[in-house]
Each structure stands twice: as structure tokens, then as C-alpha cells.
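Student: What follows is a single structure, and I will ask about it in a moment.
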Amino acid sequence: MKEKNIKTYGFKTEIKQLLNIMIHSLYSNKEIFLRELISNSSDAIDKLRFNSISNPNLYKKIDKPLIKISIDDKKKILKIEDNGIGMTKEEVINNLGTIAKSGTKEFIESLNKKENKKNNMIGKFGVGFYSSFMVANKVSVYTKSALNEQEAIFWVSKGEGEYSIETTKKKNNGTEINLYLRPEELHFLNYNVIENIINKYSNHISIPIKMEIKDKKNKKKEWKKINKAKALWIINKNNISKENYIDFYKNKFNEIDEPLIWSHNFVEGKFEYINLIYIPSTLPRQIWNKDYKGELKLYVQRVFIMEDVKQFLPYYLRFIKGIIDSNDLPLNVSREILQNNNIIKNIRLSLTKRIINMIKKLSKDENKFKIFWNKFGLILKEGVVEDLINKKDIINLLRFSSSFNKDDSTKIISLKDYVSRMKTNQDKIYFITADNFKSAKNSPHLELFYKEKIEVLLLFDRIDEWVINNIIEFEGKKFQSISISDDSLEKLINKSKKIDKNEKNYFLNFLNRIKIILKNKVKDIKINYNIVDTNPVMIKTDINDISTQMSKLLKSVGQKSPKIKYILEINPNNKLIQKICKIKDDKIFKNWIEFLLNQALLIEQGYLNNPNKFIKIINKLLLIK
């Protein structure tokens, strides 16, 4: 194969940055480049297998799937070759020239974070091919697509900002990568070093990996199989060590950290399949993308078919990583077939229940469950609405912050914990929703509950109120927002002051003056003797109206929200209120009332529709002598 008439292209800016990082590598563990290249070769063979299901002409090309590694001592070249699907010219440019979809920017940004400067981050960000430049000062690629036999492509780069491409000839489909090793990296030309790396990182690869070995006596070369070439999940779990499971997880899913827990099962009966399921300790990078498919991989008779969490698990378990291998499904299975397939429905039900039980088991380990909840709690909450079958179990797994917590946002309180601490005559579970922990913790609505030592759940995740509205009650106790008007609270409060008729009449006149000013701006105005002294007024929503947080949630997803008319509650014990009561000047009185209403709205909503008007009112009040 001759290299001539080559057309040169420039890498994009981010790729140049990436190559510079690889060439001047921050990584001491450079051997992972081989893991990444072998993983790419394995994926290429899996893709060819999958395409052959719908294209019988491709069967002959995967008769003997193989990854080959050879060494050229004279030219200082390490070669990795596969007989997978290969690439067309367009695919070469897209995959080796731009990698816009592979997370390059995130990878580069992650290097600025001290906690991420680890040796095996490369694969996690999908930039594995470029790890070649950690050990090579030149990389060439010969590739031929199994789907397009007309031409092969030659790609070459020294990692200095440019790459070159030309069409060439290649007998068989697949990809061959040649690494021209740097002088300081020549130890990777040692057969024992390469064999040890393969055994360390790629032993689970189900495709044979062979090395070209020189027989010193006969001076002949022969191909020696290095890996076990047996999928880990089909091995009896009694013969798999903890380290084997962890290594498989890290390599198969490009993870840095160990999983929190895993489950490996051979399911027999009407439908037979194997599942190896992991709960990770880190949040998948693209999990909040609408088109995120998850990392639950379907195999049929050891042939990779697809990965799509929507088919095999409810969406709220999309953080799960793992393998499903079925012998009952047809190799030519499609997404349409999966949607109406009884085997998939049974796998889905069984797998969901198994994962819920895994999370239950995890909840008994306080430290691990804390990691789990901080990473995946917000996603698991979706299950309260999405999964009616397992709803009760999910509710028991929920964790919340509480007004009884110390001054942090740690979510450690279960609903069972809350109920066990309720007051003797308390029949409701009290909660407050807010935009963030500080807003919830410092809400004026809480002051009475702090005073009376009544526990309140602090809810500040975006979907919390939606979730609570779908729980309704727990162990016979209904949920009650403390920002909603609630007469049942009266029996829990210690009343020390008796109100005489003269005082009631005095404040009744005060209310009438306020009602004239506010008119249609509020739903009702009340005197509330239970408000703690520090707050002059407070606003609440009527029990039949939408809450502030639910209104915000609807607006955030582009839906219309009904306009809220609040109930304004006056604290007659507050000194400012007592001062305003005595003001006879109608203009000054009006300014004070509008100030109090806007102040309460600002605290409740976090914003005002007309902040400029509010500032003007404050300025007028400041000028009063």
C-alpha cells in the first residue's frame, strides 16, 4: 500500500487542544491506549455482526472475527488490526477528524478539575483513539468498509494539527492502525508487556485477540491467542471474583470509579436470559439529554444488538448500566418487535423489581446510599409517578432534608423517620417547597414550626411538589404544605394569649382599610395570631389553588399557569403592624400596605412583577419624618 496523492486537512481547534494534551500527556498510566484501541476494534466487529442480521451477504465477513496485534522491531511500529465493519471516507473524516460528538470539549474542561486528573479518564469521554498519541509520534490508519467495497482509505497524522487522507487498496474489510512509537515508549514493543496489558484490561472481550509471536528456536512467527474470549456474564458467577466484576464494569462502560452494587443472574423458566446489572457511583454524562438511551446493552446469543433503556427498563432507572443476553429473541429483532414482545415485557418487569431490591439493599449501607441518593435521587423520584407497580417501594426509598437537620442540605430523612417523630396529636406530614435549600430553610413560614418544634420536610428539587402531589398520603398521614392555608394546625399550637373583643374590633377596622386598598390584588386578608413576631405579614395560597412552586414548574416547561391570588395574613403582635395601624394619612397608609404585600410576594416568589414600583414605595417611606 503506497502513500501518495494525499489530501491534507486541518483538525478543529478542540482536537488540536486534545492532541496537545495527549502528546504532552498528564497521564502516567499510558498503557490504557491499547485498551481503547482494542475496545474500538471489538465495537467494529460487533457492528458488523449486527449489520449482517439484515444483510446475509455480510455473514462470510464475520465467519472468524479476530483482533490481531503485531510488532515491527525495526520500524518501531505497533500494529492493531481487526476484521470489523471498517469505515468509509466520510466516516473516517467524521470519526478521526472532528469527533464533535465524542465529548472532546468536556474532556478538556475536566482536566482543569483537580479531582479528575486520573489515569483512566480518556475512555469515559470517548476520545480513546487519540490516546495513541501518548505513545506514538505518528499514527496511520488503513480501513475498508464492509458496506462499501469500492475503495479503502488511508489516514495519517503526526498529531501536529493536521491529518491526511487518500484512497488506497486493501484486500479485506476492517481497520489496521499503525503506531510509530516515540523513542521513550519503545517498551510497548515488548511482547510480554503487551500480553500483560491485554490480560489486565481486555480479557473479557469475547472476540479472540491474537499476537504475532516469534519462535526463537525455529525463527518462525505464529499467532497466539491472548484473551479468554469468553463473555464474563456467561461465566458461572461462583467463578467470578469481585475484582473481575469491577474490572469488567470499568472497561465495558469506560468508568473510572467502582460501581456501588451489582447483580448477576441466570434466569430460567418460560423465558431464559442472563442479566448483569450495575448501579454506578457516578452520574452518566448525558443522562439529562432527551435522547439519552442509557447503557443497558441487549445481546442475543452473545451478539450485541442495541442499547436502549426505554425498551428494558422504566425511564426513571436510566442510570443503570449492564448486560441482558437472551437466547429466545431472534437475531433480527427490531425496536418495533421489542415494543410488543412478551419476552421483553417479562424481562422489564423482572429487571425493574430486581433493581428496586438492589436499591433497598443499598439503603442499608448509610455511606453508599448517601452517594446513591446524591447522584440518582432526583431521577428515582420520577418513579413515584411513572411506576405504579413499584410505587410503594420507591416511596419508602425517598429521602428528604428536614427542618430538624443541622445547617446543611443533606437528604437523610425517610418518610418512616418523619412519621416516627410526629407529635402525638399530629395527623399531617408538613412540608415546604422552594427554589433551593437556603430559601426553604429560611422561609418565614417555618418560624412557627421552629417555635412549636414541629418537623417540616424541606423540598427544593424542581419536581418535588409534583412528586408529593402523587403520593398524597403515607401510612395514613396526608401531606400538607405549610405555605397553604391550613386550619388543622391550630390544635398543635400552644396558645398563651387570649384575644378580647375590643382588640378584635380594633383589628377588624384595620382589615377593612387594607381591603379597600388591595381590592382584587389578594384573595383574602386575615388576622393570624400564630405568626411569629418577626414577620409583620405572610402570604399563603388557598387550599384549592395552585401553589407557587407548582406554578413555577409549569412555566419552566412552557405551560400556562393559573394566576395565583394569595391570602394575606397579618401579624397583630408585630411592632411594625401596630405602628401602621395608627397611621391616619391615607396615602402613607396605602404605601405601607403595598410595601408589606410586595415584601411578602418577594419572599414567596423570589421576584416581583414591578420591582421599580416597589423601590419607589420604599423611597417614599424613607422620606417620611
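Where a number appears in this text, it was derived from the coordinates with a stated rule and is not lab data. Quantities reported herein were computed from a predicted structural model and do not represent experimental measurements. Cβ coordinates were reconstructed from backbone atoms using ideal geometry, including for glycine residues, and neighbour counts include every protein chain displayed.
Student: Measure up Lys74/Lys221; Lys381/Lys411; Lys428/Lys565; Lys170/Lys220 against 19 Å on the Cα-Cα distance and list the ones that go over.
Tutor: Details: Lys74/Lys221 16 Å; Lys381/Lys411 13 Å; Lys428/Lys565 25 Å; Lys170/Lys220 25 Å.
Pairs exceeding 19 Å: Lys428/Lys565; Lys170/Lys220.
Student: Separate question: Whole angstrom only: what separates the Cα centroid of the stretch 186-253 from the Cα centroid of the stretch 517-589?
Tutor: For the stretch 186-253 versus the stretch 517-589, the Cα centre distance is 70 Å.
Student: Could you work out the local net charge near Lys515, counting Lys and Arg as +1, Asp and Glu as -1, over the other residues with Cβ closer than 15 Å to its Cβ? Each step should come with its number before you reach the end.
Tutor: Values: positive: Arg513, Lys519, Lys521, Lys523, Lys526, Lys565, Lys590; negative: Asp524, Glu569, Asp586, Glu594.
It works out to a net charge of +3.
Student: Which Cα, out of Asn509, Ile394, Met550, lies furthest along the positive dipole direction of the chain (beta carbon charges, K/R +1, D/E -1)?
Tutor: Asn509
Student: Which FRET efficiency value, to the nearest 0.05, do you get for Asn512 and Ser350 by plugging their Cβ-Cβ distance into 1/(1 + (r/R0)^6) with R0 = 56 Å? Walk me through the numbers before you get to the answer.
Tutor: Values: r = 66 Å, r/R0 = 1.18.
E between Asn512 and Ser350, to the nearest 0.05, is 0.25.
Student: What is the sum of charges, Lys and Arg at +1 and Asp and Glu at -1, for the other residues whose Cβ falls under 12 Å from the Cβ of Asp325? It would help to have the intermediate numbers written out before the result.
Tutor: Details: positive: Lys297, Arg302; negative: Glu272, Asp328.
Computed value for this residue: 0.
Student: Enter the angle in degrees (range 0 to 90, nearest 10) between the Cα long axis of helix 32-54 and the first principal axis of the Cα atoms of the chain, meaning the one along which they spread out most.
Tutor: For 32-54 against the chain, the angle is about 90 degrees.
Student: To continue, here is another question. So if I place +1 on the C-beta of Lys and Arg and -1 on the C-beta of Asp and Glu, and nothing else carries charge, what would the dipole magnitude of the chain be about its Cα centre? I want it in debye, nearest 20.
Tutor: Working: 113 positive and 75 negative charges, 146 e Å.
For this selection, approximately 700 debye.
Student: How high is the FRET efficiency between Ser556 and Lys478 when r is their beta carbon distance and R₀ equals 30 Å, given to the nearest 0.05? Write out the running numbers ahead of the final one.
Tutor: On the way: r = 27 Å, r/R0 = 0.89.
Between Ser556 and Lys478 the formula returns 0.65.
Student: Right, something else. Compare the peptides 588-597, 441-450 by average per-residue count of other Cβ atoms within 10 angstrom and give them in order, highest first. Don't jump to the answer; show the numbers that get you there.
Tutor: Details: 588-597: 19.7, 441-450: 18.0.
Averaged packing, sorted descending, gives the order 588-597, 441-450.
Student: Cut-off is 10 Å between beta-carbons; in what order do Lys540, Lys68 appear when sorted fewest neighbours first?
Tutor: Values: Lys540 25, Lys68 18.
Ascending Cβ contact count within 10 Å gives the list Lys68, Lys540.
Student: Relative contact order of the stretch 232-373: what whole-number percent is it, with Cα pairs under 8 angstrom and at least 6 residues apart? All intermediate terms of the calculation are to be shown ahead of the outcome.
Tutor: Working: 198 pairs, mean separation 29.2, N = 142.
Relative contact order here is 21 percent.
Student: Counting only helical runs of four or more DSSP H residues, what would the 222 nm mean residue ellipticity of the chain come to if each run contributes -39,500 (n - 2.57) and the total is spread over all its residues? Show your work: numbers first, answer last.
Tutor: Working: 21 runs with 213 residues, N = 625.
Value at 222 nm, helices only: -10000 deg cm²/dmol.
Student: Putting +1 on Lys and Arg Cβ atoms and -1 on Asp and Glu Cβ atoms, find which of Ile472, Ile205, Asn57 reaches farthest to the positive end of the dipole of the chain.
Tutor: Highest projection toward the positive end goes to Ile472.
Student: Another question, if that's okay. Rank by packing, highest mean first: peptides 414-421, 480-487, 453-460, with packing defined as the count of other Cβ atoms within 10 Å averaged across residues.
Tutor: Going by the mean number of other Cβ atoms within 10 Å, highest first, we get 453-460, 480-487, 414-421.
Student: Okay, next question. If the cut-off is 18 Å between C-alpha atoms, which lysines fall inside it for Lys584, apart from same-chain ones fewer than 8 positions away?
Tutor: Lys584 reaches Lys515, Lys575, Lys620, Lys625.
Student: How high is the FRET efficiency between Asp524 and Asp408 when r is their beta carbon distance and R₀ equals 41 Å, given to the nearest 0.05?
Tutor: Details: r = 37 Å, r/R0 = 0.90.
Efficiency, from the Cβ-Cβ distance: 0.65.
Student: Beyond a 18 Å Cα-Cα separation, which of these cross-linked pairs lie in this structure: Lys293/Lys360; Lys228/Lys252; Lys441/Lys526? Provide the component values of the computation, followed by the final result.
Tutor: Details: Lys293/Lys360 25 Å; Lys228/Lys252 15 Å; Lys441/Lys526 25 Å.
Table pairs above 18 Å Cα-Cα are Lys293/Lys360; Lys441/Lys526.
Student: Too long at a 20 Å Cα-Cα cut-off: which of Lys375/Lys555; Lys370/Lys406; Lys416/Lys451; Lys375/Lys477?
Tutor: Violating the 20 Å limit, Cα to Cα: Lys375/Lys555; Lys416/Lys451; Lys375/Lys477.
Student: Candidates [x] 227; [y] 210; [z] 153; which is the computed volume of the Cα convex hull per residue in Å³?
Tutor: [y]
Student: With an 8 Å Cα cut-off and a minimum separation of 6 or more residues, compute the relative contact order for the chain in percent. All intermediate terms of the calculation are to be shown ahead of the outcome.
Tutor: Values: 996 pairs, mean separation 51.6, N = 625.
After rounding, I find 8 percent.
Student: What order do you get for 601-611, 173-183 when each peptide is scored by the mean count of other beta carbon atoms within 10 Å, highest first? It would help to have the intermediate numbers written out before the result.
Tutor: Numbers: 601-611: 14.1, 173-183: 20.8.
Packing order, densest peptide first, comes out as 173-183, 601-611.
Student: Taking Cα centroids, how far is the stretch 355-403 from the stretch 279-312 in Å?
Tutor: 20
Student: At 7 Å along the Cα-to-beta-carbon direction for both Arg421 and Lys290, put a label point, then send me their distance in nm to one decimal.
Tutor: Between Arg421 and Lys290, the label points sit 4.1 nm apart.
Student: Check cross-link reach from Lys224 to the aspartates and glutamates: straight Cα distance under 13 Å, and skip same-chain residues fewer than eight apart.
Tutor: Output for Lys224: Glu195, Glu212, Asp215.
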